[in-house]
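The values are calculated or read from the model by the stated rules, or taken from the named source; none is laboratory data. These numbers were taken from a predicted model, which means no experiment stands behind them. As a convention, Cβ positions derive from the backbone with ideal geometry for all residues, glycine included, and neighbour counts pool all protein chains shown. Surface areas here come from the heavy atoms of the whole protein model, side chains and all, with no ligands, DNA or RNA. Shrake-Rupley method; radii C 1.70, N 1.55, O 1.52, S 1.80 Å.
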Amino acid sequence: MGSRQARRAANKEGNLYTVKTGFNTIFTDQQLSATVLQAVQLVSPILIASNVLANLHVLRCLETDGHVSKLDQTFFSNCMYAVGHATGRRAVQFNRAKNVSLTESLDIYLQQLPQHQQTPERPTYLKDILNAASLMAQTNARNHIIQITLVED
């Protein structure tokens, strides 16, 4: 289907198509392009580390008492705050006293990191991006983790 009208007609019938284009085609402004690429470079390590922490925390909870806390946006946001150090005006650090269970998982996670590896930087201007990412993580958890059941041997 080459024409735009044919794609629109197919979309109305429920046949959806994806149109791919290059990054530089959309972001022609060099300054905006550089800002977006910098945000991606800062967010990616936070997302990777927070996913590892979230998985470790869930596994640890299942192994210890079988109770897993709610895997909601707040949980995933706390994971993102925990793995990075905040910088910038009004920077908010992870509250260890308020999140005792996650703090225990965080300590285990940090002990497993190579000695030379530093925690990722989390500038305050990434807050909205990280909030969107934590909402996406909640949606993914809800869609892919249907039910956690412990089976006794």
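Straight-distance candidates among the lysines for linking to K20, with alpha-carbon spacing under 25 Å and chain neighbours fewer than 8 residues away dropped: K12. Each residue of segment 86-92 was assigned a 3J(HN,Hα) from its phi angle through the Karplus curve 6.51 cos²θ - 1.76 cosθ + 1.60 (θ = phi - 60°); the sequence is 6, 9, x, 5, 6, 5, 10 Hz, with glycine and proline shown as x. Note that the chain presents 73 Å² accessible area per residue, ligands and nucleic acids not counted, probe 1.4 Å. Charging the Cβ of each Asp and Glu at -1 and of each Lys and Arg at +1, and nothing else, the dipole of the chain about its Cα centre rounds to 840 debye. The relative contact order of the chain comes to 27 percent, based on Cα pairs under 8 Å that sit 6 or more residues apart.
Full extension of the chain between L32 and Q112 gives 25.1 nm of extra length, using 0.36 nm per residue less the Cα-Cα distance.
The alpha-carbon of K98 sits under 29 angstrom from the alpha-carbons of these lysines, leaving out residues fewer than 8 places away in its chain: K70, K127.
Would you mind classifying the chain by shape? Square roots of the alpha carbon gyration tensor eigenvalues, ordered a ≥ b ≥ c; an a/c under 1.5 is rounded, otherwise it is prolate if a/b is larger than b/c and oblate if not. Because a/c hits 1.5 or more and a/b fails to exceed b/c, the chain counts as oblate.
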